[in-house]
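Novice: Attaching a single structure in structure tokens format; questions to follow.
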Amino acid sequence: MSARTAFMFPGQGSYVPGLLANLINEFPSARKTLDHIDEACDEHGHAPVSRLLIDRDAASLDDLVADRSPDLDVALFSSGIVTYRILVEAGLHADVVVGHSLGEVSAFTAAGALTVRDATRLVLARTAALRDISSLDGGMIALAVGSARARHLTGFIDEPSAVVAVDNGPDQCVISGSTTALVMVEQLAAAAGIRATRLRAAKPFHNRLLRDAAEAFARAVDDIAVAEPKIPVYSPVLGRYVQSAEDIRAWVARHLTKPVLFYDGLLRLYRDGVRHYVESGGRDTLTSMVPACLPAAAETIAPLRQRYSAVQFRQAIGSGDAVPAPAANPVANPVVNPVAEATNGSAPTSTDAPAALPAADELFAQIRQIYADALGYPVDLLDADVDLEADLGIDSIKQIEAFRLARQRFGLPEPPAEVRVTSFSTLTELAELLRTLADRTGPTPIKTGV
């Protein structure tokens, strides 16, 4: 049996302001899909979402999480399905699709089970149901342990709302629960030496605490048209392949209250011959999990880990074959130079640091330590491409202070007023910004988004 390819649709953590800015006009199917989503938003009294995906100065994840969750949810769905259209138009083929939490709506749409308009309505109905329970407190916390150990940990606390909501791999899961429960989990995790990271989740998702919202959600879309998928779909919430339209209706009823068994899904796909895993959305939220979950034969590609140009995107996907996931070493895998991206120039290929700075690997190591000390995070958590905002929830004030310390370490000036440090959201990008400040003979990267 030949190796098969799975397209994976991420949910939370995959939003990138202006993700499609350089691609939307290069792929007609993408533009058309995004227009249909905007039209559907308008039909249901919601503002167009396209501005979030094609405007580099669009609202940040912090802004959307704080008080614009409907915008965020539609943006997440849109980035997944529009990226899928781009991938297909660029020549890639999916043998199976799988989504993570809200990403399952994009997967159903890619498989032809939902139209773009109906899927948009589904997403908006979900956010409305959640808005109606705005008084419910709670959230989610990621633990660097497997789900079995996490269940043992929650068993020690006298708080039944604390449950394993997401199983992402052998050493990564997410606990959902009330605010009180999460505080207790954090305290117990600290005592046990388990790394715990509070996520910026508006609600305790995948938890029976949301049963009222789940019922309201199901009622709101009980008349929606659902077809049998044309492409095989694996559902981590159902824990199996989707066989019929009724399975998708079952997903609607369970989505908010049942756990996401993504690790089990990856294992099943691998057993079924899937060897190539393609991220259909922003960042590498899902493909980054694959190496920890599957044998080395599993290959990944995350073609929109950053805001690429059309040329860079096509280079990333190559001929359509999946390629190994980039390693965390910024020397071996230089990112697209933000200077060239901002000035429409060609990205330089050299990774040599300016004379005023250490070599690239040493520069990264020092930045990593500076940020770990300033932010209070373990060094091993700060990988080259971990997003300080989307992945770790580091607010803008802390990011600015950490960068000030890095500048002072190397005796570098402040960046120009039009450059927003918080737009450089990974350590790799920050290293590029420091190089630019050290070598003022080159153009200054203009990343003015929040």
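Computed from the coordinates by the stated procedures, all read-outs in this text should not be read as laboratory data. All of these numbers come straight from a predicted model, not from anything done at the bench. Because the Cβ atoms are built from the backbone with ideal geometry, glycine has one as well, and the counts that use them run over all protein chains shown.
Novice: Give the whole-number value, in cubic angstrom per residue, of the convex hull volume spanned by the C-alpha atoms of the range 139-202.
Specialist: Working: hull volume 4.3 nm³, N = 64.
Output value, Cα hull per residue: 67 Å³.
Novice: Between helix 211-220 and the chain, what is the angle of the helix's C-alpha long axis to the longest principal axis, kept within 0 to 90° and rounded to the nearest 10?
Specialist: Roughly 80 degrees between the two axes.
Novice: Follow-up. Evaluate Rg over Rh across the chain, taking Cα atoms for both radii and Kirkwood's formula for Rh.
Specialist: Details: Rg = 21.3 Å, Rh = 22.4 Å.
Expressed as Rg/Rh, it is 0.95.
Novice: If r is the Cβ-Cβ distance from residue 194 to residue 223 and R0 is 41 Å, what FRET efficiency results, to the nearest 0.05?
Specialist: In this case the efficiency is close to 0.35.
Novice: If you fit an axis through the alpha-carbon atoms of helix 396-410 and take the longest principal axis of the Cα set of the chain, what angle between them do you get, 0 to 90°, nearest 10?
Specialist: 30
Novice: Give, in nm to one decimal, the length gained when the segment between residue 35 and residue 2 is fully stretched (0.36 nm per residue of separation minus the Cα-Cα distance). Spell out each step's value before the answer.
Specialist: On the way: separation 33, 0.36 × 33 = 11.88 nm, distance 3.67 nm.
Net length gain for the segment: 8.2 nm.
Novice: Gain in length, residue 245 to residue 211, computed as 0.36 nm per residue apart minus the alpha-carbon separation, to one decimal in nm?
Specialist: Working: separation 34, 0.36 × 34 = 12.24 nm, distance 2.22 nm.
Length gained between residue 245 and residue 211: 10.0 nm.
Novice: Ignoring solvent entirely, what values of log10 I(q)/I(0) come out of the Debye formula for the range 86-228 at 0.12, 0.13, 0.14 Å⁻¹ when each Cα is a single scatterer?
Specialist: -0.61, -0.69, -0.77
Novice: Explain nothing, just the number: dipole magnitude of the chain about its Cα centre with +1 on each Lys and Arg Cβ and -1 on each Asp and Glu Cβ, in debye rounded to the nearest 20. Could you put the intermediate results ahead of the total?
Specialist: Numbers: 41 positive and 55 negative charges, 88 e Å.
For the chain, the charge dipole is close to 420 debye.
Novice: Something else: Assuming 0.36 nm per residue, please report the length gained on full extension of the stretch residue 179 to residue 380 beyond their Cα-Cα distance. Kindly include the intermediate steps, with their values, before the conclusion.
Specialist: Values: separation 201, 0.36 × 201 = 72.36 nm, distance 2.72 nm.
Once the chain is fully extended between residue 179 and residue 380, it gains 69.6 nm.
Novice: So what J values fall out for the range 277-288 if you push phi through Karplus, 6.51 cos²θ - 1.76 cosθ + 1.60 with θ = phi - 60°, rounded to Hz, Gly and Pro as x?
Specialist: Once rounded to whole Hz, the list reads 10, 10, 7, 9, x, x, 6, 10, 3, 8, 5, 5.
Novice: Now a separate question. Using only Cα atoms and rounding to the nearest 10 degrees, what angle (0 to 90) does helix 116-131 make with the longest principal axis of the chain?
Specialist: The two axes meet at around 90 degrees.
Novice: Extending each Cα 7 Å along its Cβ direction at residue 267 and residue 292, get the distance between those two points in nm, one decimal.
Specialist: 1.6
Novice: Enter the Cα centre distance for the pair the range 191-247 and the range 358-380, rounded to the nearest angstrom.
Specialist: After rounding, the separation between the Cα centres reads 37 Å.
Novice: Quick check: the distance between the Cα centres of the range 249-317 and the range 108-156, to the nearest angstrom?
Specialist: 17
Novice: Take residue 93 and residue 55, extend 7 Å from each Cα along the Cα→Cβ direction, and tell me the distance between the two endpoints in nm.
Specialist: 4.0
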